[in-house]
Every structure is written in structure tokens, then in C-alpha cells.
Amino acid sequence: MSQNRLQFLLALLWLGFCFVATPKAHAQDPPNPEVVDENPLPTEEEVVEDDPNAVDPNSPYLVILGADIHTVTEGLIPRGTILCKDGRILKLGKRVSIPKGARRIDARGMQAYPGLIAVDSSGVVRGRGQNLRDEYDPFALNVDLGLAGGLTLVQTGGALAKLKHGTLDGVFVGETHWVKLSYSTTSPTGRRKLREELGRVRDYLRAHRQWALSKELEPDFEDPEPEAKGFKKEYLDLLRGEAVARFSANSLKDLLATCDLLEEYPMQAVIVGGREAWACAGRLGRVGAQWVITPRAKSWADETVNHPSGWSIENARILWEHGVSFAILPNERWISTGGLAGRDLLTLPMEAAFAIRGGLPQQAALRALTLDAAKILGVDHRLGSLEPGKDADIILCDGDLFHYRTFVQWAVVDGKVVYDKMKAPYFAHIRPRSADSLEEVVEEIQRAIDAPEEE
Amino acid sequence: MLQDAPRDPVGRAVVYRFDKVETLDGEALENVTILVRNGVIERMGKAVVIPEHATMHDYRGSGKIAMPPFALSHANFLVRDRRGSGRNAKYRAVDSLWLEEGWEKDLLKEGVVLVGVDPPGRGVPGRTSVLRVDGQVETPDPLVADLHLKITVSNSSSAKRLIRDSLAVADKAIEKENQARKDWEKARADWEAKQKEKAEEEKKKEQTEDGTIPPAVAQGEDEQKDKDGQEQAPPEEFTPPPVDPNIAPFVEWIRQQRVAQVWLSSGADWLHWQDLLGERELPYEIVLWHGTSQNIYQVADAIAATELRVDVPARISFLPYTRVRANLPAELAKAGVSKMILSPSSDSWSAVKSYRFAVAEVVANGLDRQMALRGMSLEPAMSMGQEEVLGPLKVGSPATFVIWNGDPLNPMSQADRVLVDGVVVYDRAKAEAEDQS
């Protein structure tokens, strides 16, 4: 009973502190319209009557307690709290008050990262473009395994899909207008044709601009509008900046040729591959394209050529040092259960770990899987880092993301737990999480102390 | 009907005495006497006064059990047709019947007196029908030719588009009809008002000429005027604009005049169905038709929350990608599904033959026995709207029951006799004798 009294006193003390501290904090900080104080000061009655730990399963709030938060943009917050509301991150930091009834995850000892993003993947979920939602199977093995591997967003079939177990709400994020271009040195005719077509697009755009200008300036200008012909409509989108060109280039020759093309016809571009990119990183950095690289893709140096060739374990590090922005994708762009571990999207961080082995800073590797990938897909305003206002797509790992023993323990997408290692049937049996939380252990000890001695 | 089967005289009481009767109206009763007169159970219980001259069938000590017969909700081996996955709502299952000789006897042998048949195909293949199995005629006169609208849902954009578009077109048809009705009502009202005006004018004229006029004559004159009048009268009865026969069932469904049967095979299908339904409140029943592996257990709670009738195959399935056995009927019951049809695990003859065994397995693995028995007989009958043909055994209900020579869920038991309205429509001893001769 002395403990109860103590608790009551503590509560009173805390109340007093709140009364003193809160107005002060408000006076110091400029008013932030986004941060709403959702936890009004409880009256004494509430403190006495309500269990402060009561959880409402339908609460809009989710609190992740005690995890080391890797924000990507703002560094590490050790043992912080993440407060999510309605699928967004509301607050995060060391001191965050917890709204009443909030759902909570006790993540002490865990590492919190933004959900990982797979650029240019294929076959993780069904469906293309606008049909993605109608084809989605939120109970599919791939969804669960993707979440178990830390993925929360995949680009597939020209669309962006969130991986969510058990619901269709919000799985379709949007379409990505990528145009696949082939500019390989192995097909000179193809290269010539592409250049010619892009040239026609440029001529058309110039003629059209000229025509529009004349029409605006000269009152009796009667010329007909120039016709868009002789090229694919999507090429027009490319040069207008409404679409993204997707190239595949690995050899030094192809990489440099692609750079030439991009310098001649500036457009948004994503280049997938980049195995020999380390040899021309400075040039690549100046072109401003974005990259999707596979650090473990190997090809041996060609001894017969007089320029650098072959793969390098330092590829990612060299690109990063030259300011090239890239995402990382494994050799297999899907989730494979075929038996060879570590080559597919199930183990995306392993691929990045390989780049770290080659000297890429860990922070940069994390960016490549999260924020830089989101940038490539044009969703970095919503995803890719842990910041207030962004989507609450969070993975909680039991160790460093790039360690091979690390498991994703929980995956949260849009503020809802969509994967729990102990509840999904795949990895629950491997190093199971202790069922007793620290609170329960402490409570048990306290009970043992309080219990009157028998006999 | 079997020619040799004993026909019980009208008005004469027939008495059956059993050690055990599965009434399906609560727990099984022990040591029961059933008195049947005019095809109806007149008395039933432990102490029944047996009238004189009553025919007596005393099965006590033989281990025989009486129980309401079975109803198969999807006897689709009786139906054959080639139809794809489009919008085929105009078809009825009864039009695709493909019956082989002796089909009725084979069904009666398994204790089945009612069968539902579905139109074959996917998408919106048509409407279901109900047949009575009574061994009376080879080509059946369906009890219900046009019952539920069958719809299969899956996580495919084309399947979803089909249903979404059908509903949208039906909505438009309803709107069109409502508009037409409004127009007709207005035209009718205008015309009637005009007629009244005319009549009054006539009356005034006549009255000014000479006193009163017999009403019959006035009316006759009115009719003549109508014919001469330039304006044509709108029709007396409203005729709705024609509706595409593939859309008409949807129109009826939206108007709550028809129940749909929604076929789902996975947990995702359920979510997609909810997505299609949106805010609409439409009457429907759920038919689950998954394969040997299923993840429907994931949405069991959501399905139970609808309190709808669920048709589930009697089968122990596996959790996806595992060999972990899952008893979906028991899981659904646990989640709170109370109206459950347990159907054979596939639409084939062999599944009907192993039906009782399959149900026994589901019961042995945790499904309530009473629920299972109801799911084989009363629930499918209710789904077909035939609760008056096939109901629990109690005083006043029709004497429609099967006499099994053992526990009906024991696959070794056989149906000895099947009675429909007190008439023996199947007698195993006679049928076997016939087969041998």
C-alpha cells in the first residue's frame, strides 16, 4: 500500500511539473501548427481512476517505445519514442508524451529504420498500373516475406505498392511513368534510331515553342500547329520532363554512351546496372542521372582492353564519393524461395552490406535503401526517412540492419503493425522474442518483495 | 416413385420406434416413438399413445437412427455446359442439366432429397436452381428454377471490373426505369386531370340544356370523346423499359428481390468483395470454394461479423505453403459463424459418396456435431428456401427423414429407408434386390 501512496505522490509531482514546464516550453518554442498537444493535462481524478497503460486497439495513435531511431535525415536518436497518428509520424524524439489509449510496441533494444524500398522490382505483387489494387493479395506469401525482409514499398508493373498484410487500403501509392530505353553498344542500329527519334522530338518541341510564341506575339499569325509525328508519344513525355527514362548499362562503353545521350538530350533518367561505373564515376556524377546498382554483380576485368574494366567491390563507395545518388537492388529483382539465400529481395540489406564491405559508409547504404530510393521514385516527400509528417512505414529490427543475423521483428505500414515475427509462421521459431516484457519482470520482482512471508 | 415401396394408407397411422433420433432441433433424443399420419409427424416422444390398427415399425435394439435427410447445395455433377467467365446472368442452372440414368437413386442412397445446382462457369455464370430428389420421375420438375445469382470474386482486375460494371449498368437501368415511371405517372395524372375537366365541362353544358342526365350516357359520351380526342391516353399500366436479361438479375438483386451467392476462394477474395460492395447493402450468402490450401481463416472474424450464411467445404485443409492442417469449418464456428452449410469437398460424385466421411473428419477435429449435421441438411435447405420441405423432426413437421442403420457420420452406415412426407421413396433392401435381378 505504501507503493500506491508513492505512485500517487509521483503522479502529483508530475502534474506539478507539467503545470510549470508546459507554458515555459510554449513560450520558448515558436508555435508549430503541425504539433498538436494531443495529451491534455489529466485531472487528478483521471490519474487516480484510469489505468494509464490501457490500450485501445482502435486508437489512431501508435507509440513505438524505446527503440534506437535511425532517422536517415537527422541521425540517430538513441532509445527514443516514435508517435504515429492516422498512418503518419506525428512526433519522434526522447521526450514524447503518450496519448491515452495509444497502441504501443515495446521496442526496447530494437533498431527502428524507415521501411526499405525496392526500386525496379518485379513480381513481388501482382497487377500493373491502376489495376494494382484490384489484383492485390494482402495475404500472399510475398507480402509477408517482403515485410519480413524489411520491405514496405515496391515498384512493380509501373506502379508503387505498399506491402500490407490483411488490407487493401492504401496499397496503391501511385503510378511511375518510366520509359524503357535501350541504348546498348551491341545494337548500333537501335542507338541510331533512338537518337534520330529523340532528335525529331526535339525539333518538334522547338517548332512548337516557336509556333506558340508567334501565335502569342503576332496578331495575324495563321500557321497551323506543328504535328507531333515520327516518334513515340512517350519520347515526347521524356523530353518534356514528364517521364523518366530507364536505361540498362553495365559496361564502361555503354555507361559513357548513355552519358553522351543524356548530355545531348537532357531528361530524367534512371540507369540500372552500373557494374563498371567506378571507372567513370566523375563523369556519371556530372550527368545527374540516378542509379540502381547491384554491388554483388560480378564480371571479371578484360585484360585485352586498355581501359579499366570489370567489377569492383568499391563501386558503391566510389560512386557515393562522386556524388552519384543510387538505390541498391539485388541480382534477382523479386522474392525467391528457390533455396539460394541472399540473392533476392528477401535479403535486400545483405546486398547493401556488401557495398559497406567495399567502403560505403553505413549511413549512405541506409540512404540507398530508403531515402535515395524514394527520391528515384519521386515519393521522398512521403517516404524514406523517419520525420514528423511522413508516412509511418517503420521496421523494427533486433540488431543492426546490415548484420546477417538481424531479423525484422515488427513492420509497421501506415501506422499499423502488418508483420510481427512472432505471429507470422515463417521465422517465429528462430531466436524467439522473449514473451516477458521488462515491465512484467519488474512487476514480478515487486510482487515477490511485497508478498508476505509464508510459514 | 418405386413401384414396390409400401405406400402407407391415407389417414392410417404409421408408428416408428427408434433408440435414437437426431431431430436437429436440439440434442438427439433417445428411445423415441414417432407417429406419422397423412405424411405429417403427429406425435413424437417417449410416451406416445399408439392407436389401434396402426402399422408398426419397431427398430429398437437394431441401432437404427432417424434423421432429417441431407440437402446438397452444389450438386454440380448434374450440370454440364461450356461457358466462360463473362456476364452470363441470364442463364439458369436448370437449363444446363445433364442427368444420367439412376441419378435419383444414387442420391437417395446417400440420404439426399434436395439438391441445388449452380450454373457452370466463372464470373457471373447465371442463377442457381433447386431440384427435389424423390425417385418419382426421371426428368425432374425443378422446385425452384431461378434462385440465387451466382457471382465469383477473385483478385483479378477483369473479374472485379465485370462485377463493378454489372452493378453500375444495373444502377443505370433502375434509374432509367424510375425516370420512365415518373414520366408515365405525370402523363397519366395530366391526362386524368384533363379528362376530369372535360367531363365537368360536359356536365355543365348538359345541365344548362336540361336538368339531370343519366350517368351511364354521360360516361359513354366521355369514352367517345376520348377516341375522337387528339391526345392519346397514356397506358393504364406502367410498362418498364426493357432490361438486358444479363442485367435484370442484378437489378432484382439491388432491389433486394434476389439473393446472390458470392463465391470466394481466398482471404484476399473476401477483401476484394468488400471493396466491390462498398457502401451497398445487398442480400447475399457466402460460398467458399478454396482448394486444399486456404488462407480464409485470416478473415474468419470478418465473415462471422456479417452473420451471413456461409457455405464451406467439409475438408481439413492446409495453411498455405505448409503441411499445417487447418479445420476451416471449426475455425469459422469458433469465430462465430452460426449459419453454416457443410458441403461436399468438391462438385463430384465421388465427393458425395465420401461426404459423410469428410464431415466425420471435420467433426473429429473439432466442429460441433450438431452444427455439422445441421450444415448437411437444414442449413442448405434453408438456403434453398425449402425449410418446409426439409426441417427438424418435431410434432407437426412433415415426416421426411432417413432411417440409417447406424450413426450417419459413420461412413460404414447405410441409408435403409428414405421417407418424404411419410412415403418411402427409397428402400435399400428393395433397391438391392432390383440391382441383383
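Checking the condition surrounded by 22 or more Cβ atoms within 10 Å (Cβ to Cβ) and either within 27 Å of B:SER293 (Cα to Cα) or more than 12 Å from chain B (Cβ to nearest Cβ) (or both), which residue from A:THR167, A:THR152 passes?
Going through A:THR167, A:THR152 in turn, just one is surrounded by 22 or more Cβ atoms within 10 Å (Cβ to Cβ) and either within 27 Å of B:SER293 (Cα to Cα) or more than 12 Å from chain B (Cβ to nearest Cβ) (or both): A:THR152.
Hey, could you check the stretch A:135-144 for residues that are part of a helix (DSSP H, G or I) and not acidic (Asp, Glu) and say which is surrounded by the fewest Cβ atoms within 10 Å (Cβ to Cβ)?
Here the answer is A:LEU141.
Can you name every residue in the stretch B:240-252 that is out of contact with any strand residue (DSSP E or B) (no Cβ under 6 Å at 6 or more places or on another chain) and either among the hydroxyl-bearing types (Ser, Thr, Tyr) or assigned to a loop (DSSP other than H, G, I, E, B) (or both)?
Once the filter is applied, which keeps residues that are out of contact with any strand residue (DSSP E or B) (no Cβ under 6 Å at 6 or more places or on another chain) and either among the hydroxyl-bearing types (Ser, Thr, Tyr) or assigned to a loop (DSSP other than H, G, I, E, B) (or both), the stretch B:240-252 yields B:PRO240, B:PRO241, B:PRO242, B:VAL243, B:ASP244, B:PRO245, B:ILE247.
Please verify whether A:ALA424 is in contact (Cβ under 8 Å) with a residue 60 or more places away in the chain, more than 22 Å from A:ASP86 (Cα to Cα), assigned to a loop (DSSP other than H, G, I, E, B) and of a type in the set (Gly, Ala, Ser), treating the condition exactly as stated.
Criteria met by A:ALA424.
Does any residue in the stretch B:421-437 that is in contact (Cβ under 8 Å) with a residue 40 or more places away in the chain and on the phi > 0 side of the Ramachandran plot come within less than 6 Å, Cβ to Cβ, of a residue that is assigned to a strand (DSSP E or B) and open to solvent by less than 40 Å² (accessible area, probe 1.4 Å) six or more places away or on a different chain, and which pairs are these?
Qualifying pairs under 6 Å: B:ASP421/B:PRO398; B:GLY422/B:VAL36.
Given the structure, is A:GLU351 crowded, with 22+ Cβ neighbours inside 10 Å, modelled with pLDDT under 95 and not assigned by TED's automatic domain parsing to the domain that holds A:LEU319?
Yes.
Could you tell me whether the stretch A:248-256 includes any residue that is open to solvent by less than 20 Å² (accessible area, probe 1.4 Å) and either of a type in the set (Phe, Trp, Tyr) or within 26 Å of the chain's Cα centre (by Cα) (or both)?
yes
Can you pull out every residue in the stretch A:299-336 that is within 26 Å of the chain's Cα centre (by Cα), open to solvent by 70 Å² or more (accessible area, probe 1.4 Å) and either over 17 Å from A:PRO349 (Cβ atoms) or without any contact (Cβ under 8 Å) to a residue 60 or more places away in the chain (or both)?
Residues satisfying the conditions are A:GLU314, A:TRP320, A:GLU321, A:HIS322, A:ASN331.
Okay, residues lined up against (1) at pLDDT 95 or above; (2) more than 16 Å from the chain's Cα centre (by Cα):
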residue: A:PRO361; (1), (2): yes, yes
residue: A:THR370; (1), (2): yes, no
residue: A:SER385; (1), (2): yes, no
residue: A:LEU396; (1), (2): yes, no
residue: A:ARG405; (1), (2): no, yes
residue: A:GLN409; (1), (2): yes, yes
residue: A:VAL413; (1), (2): yes, no
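Given the criterion open to solvent by 20 Å² or more (accessible area, probe 1.4 Å) and either within 24 Å of B:TYR355 (Cα to Cα) or touching a strand residue (DSSP E or B) at 6+ places or on another chain (Cβ under 9 Å) (or both), identify the matching residue among B:GLU110, B:GLU192, B:GLU201.
Result: B:GLU110 is the single residue among B:GLU110, B:GLU192, B:GLU201 that is open to solvent by 20 Å² or more (accessible area, probe 1.4 Å) and either within 24 Å of B:TYR355 (Cα to Cα) or touching a strand residue (DSSP E or B) at 6+ places or on another chain (Cβ under 9 Å) (or both).
Would you tally the residues in the stretch A:230-263 being basic (Lys, Arg) and on the phi > 0 side of the Ramachandran plot?
Going through the stretch A:230-263 one residue at a time, the tally reaches 0.
All but one of (1) within 25 Å of B:GLY111 (Cα to Cα); (2) open to solvent by less than 40 Å² (accessible area, probe 1.4 Å); (3) at pLDDT below 95 hold for B:TRP349; state the number of the condition that does not hold.
Only one criterion is unmet by B:TRP349, namely (2).
So A:VAL125 fits all but one of (1) touching a Ser or Thr at 6+ places or on another chain (Cβ under 8 Å); (2) within 14 Å of chain B (Cβ to nearest Cβ); (3) without any contact (Cβ under 8 Å) to a residue 24 or more places away in the chain; what number is the exception?
(3)
Residues in the stretch B:390-437 that are under 27 Å from the mean Cα position of the chain (by Cα) and open to solvent by less than 30 Å² (accessible area, probe 1.4 Å): how many?
Residues meeting the conditions: 22.
Among A:LEU160, A:LEU147, A:LEU83, A:LEU132, which is part of a helix (DSSP H, G or I) and more than 14 Å from every other protein chain (Cβ to nearest Cβ)? Give the steps one after another, and end with the answer.
Details: A:LEU160 fails: part of a helix (DSSP H, G or I); A:LEU83 fails: part of a helix (DSSP H, G or I); A:LEU132 fails: more than 14 Å from every other protein chain (Cβ to nearest Cβ).
One residue alone meets the criteria, A:LEU147.
Restricted to the stretch B:316-341, and to residues that are closer than 15 Å to B:ALA358 by Cα and among the aliphatic types (A, V, I, L, M), which residue is surrounded by the most Cβ atoms within 10 Å (Cβ to Cβ)?
Once the filter is applied, the top-ranked residue is B:ILE341.
Looking only at residues that are in contact with a Lys or Arg (Cβ under 9 Å, 6 or more places away or on another chain) and not in a strand (DSSP E or B) in the stretch B:51-64, which one is surrounded by the fewest Cβ atoms within 10 Å (Cβ to Cβ)?
Of everything passing the filter in the stretch B:51-64, B:HIS53 is surrounded by the fewest Cβ atoms within 10 Å (Cβ to Cβ).
List the pairs whose first member sits in the stretch B:87-114 and is over 30 Å from B:LEU409 (Cβ atoms), whose second member is charged (D, E, K, R) and open to solvent by less than 60 Å² (accessible area, probe 1.4 Å), and whose Cβ atoms are under 6 Å apart, counting only residues at least 6 apart or on separate chains?
B:ARG92/B:ARG127; B:ARG92/B:ASP146
So A:LEU346 clears everything in (1) closer than 18 Å to A:VAL124 by Cβ; (2) open to solvent by less than 40 Å² (accessible area, probe 1.4 Å); (3) not in a loop (DSSP other than H, G, I, E, B) except one condition, right? Which one?
A:LEU346 satisfies all of (1) closer than 18 Å to A:VAL124 by Cβ; (2) open to solvent by less than 40 Å² (accessible area, probe 1.4 Å); (3) not in a loop (DSSP other than H, G, I, E, B) except (2).
Please list, ordered by residue number, the strands (runs of 3 or more DSSP E) wholly in the stretch B:253-333 having 3 or more residues that are away from chain A (no Cβ under 14 Å). Give the derivation first.
Working: elements: B:260-264, B:284-288, B:310-313, B:316-318, B:325-327.
In the stretch B:253-333, B:260-264, B:284-288, B:310-313 are the strands (runs of 3 or more DSSP E) which contain 3 or more residues that are away from chain A (no Cβ under 14 Å).
The values are calculated or read from the model by the stated rules, or taken from the named source; none is laboratory data. Predicted model only: the values in this text are computed from it and were never measured. FYI the Cβ positions are ideal-geometry reconstructions off the backbone, even for glycines, and counts take in every protein chain you see. Ligands, DNA and RNA are stripped out before the accessible areas are found, and what is left, the full protein with its side chains, is counted by its heavy atoms. Shrake-Rupley method; radii C 1.70, N 1.55, O 1.52, S 1.80 Å.
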